[in-house]
1. List, in the order given, every pair from Lys23/Lys90; Lys44/Lys90; Lys20/Lys80 whose Cα-Cα distance in the structure shown is over 22 Å.
2. Taking the Cα centre of segment 30-82 as origin, work out the dipole magnitude from +1 charges on Lys and Arg Cβ and -1 charges on Asp and Glu Cβ, in debye rounded to 20.
3. Roughly how big is the chain's charge dipole about its Cα centre, with Cβ charges of +1 (Lys, Arg) and -1 (Asp, Glu), in debye to the nearest 20?
4. Ordered by packing density, taken as the mean number of other Cβ atoms within 10 Å over each peptide's residues, highest first, how do 55-61, 77-83 rank?
5. Taking the chain as a Gaussian network, where each spring joins two C-alpha atoms under 10 Å apart, which residue of Thr68, Thr43, Thr19 fluctuates the most?
6. For Arg62 and Ser18, compute 0.36 nm times the residue count separating them, minus their Cα-Cα distance, and round to one decimal in nm.
7. Mind sorting Val17, Val66, Val27, Val41 by how few other Cβ atoms lie within 10 Å of their own Cβ, fewest first?
8. So, R0 is 30 Å and r is the distance between the beta-carbons of Val29 and Val89; what FRET efficiency does that work out to, to 0.05?
Amino acid sequence: MAERAIGKRAEKVGQVVSTKMAKTIVVEVSRRVPHPLYRRVLTKRKKFYAHDERGAARLGDRVRIVETRPLSRSKRWRLKEVIWRAAQVKVEPGEVV
């Protein structure tokens with residue numbers, strides 16, 4: 001898909017928590033905000049469904065997603081880039097207990 005330079009689109013950085021759907025990834029974006037009354041810093045998380053045309057993202061990867069037109073009922077984001085890859089652990093079939 002060609003990048004267009006019309007306006008600025010919202011971008012978010014998060015971690016891939018699911019790749020079980022075809023051409024779709026679930027990205028969890030975390031942000032730290034102070035509680036309005038008690039000023040304690042809380043971590044808030046939200047999940048976004050993003051379109052991954054080539055299947056480039058894997059579970060645990062850090063990715064950048066960009067806002068786009070609605071692609072389905074819940075998908076309004078698409079994968080822009082994989083920032084860094086998660087370590088893939090190889091497990092032999094006999095090792096799992």
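1. Listed pairs above 22 Å: Lys23/Lys90; Lys44/Lys90.
2. Working: 18 positive and 5 negative charges, 66 e Å.
Here segment 30-82 has a charge dipole of around 320 debye.
3. Numbers: 26 positive and 10 negative charges, 131 e Å.
Rounded to the nearest 20 debye, it is 640 debye.
4. On the way: 55-61: 15.7, 77-83: 17.6.
Descending packing order for the listed peptides: 77-83, 55-61.
5. Its mean-square fluctuation being the largest, the pick is Thr43.
6. Working: separation 44, 0.36 × 44 = 15.84 nm, distance 1.23 nm.
Roughly 14.6 nm would be gained on extension.
7. On the way: Val17 13, Val66 16, Val27 25, Val41 9.
Least to most surrounded, the residues fall as Val41, Val17, Val66, Val27.
8. Details: r = 24 Å, r/R0 = 0.81.
Rounded to the nearest 0.05, the efficiency is 0.80.
Any read-out appearing in this document is the output of simple, stated calculations on the displayed coordinates, not a laboratory observation. All values reported here derive from a predicted model rather than from experimental measurement. Backbone-built Cβ (ideal geometry, glycine too); neighbour counts: all protein chains shown.
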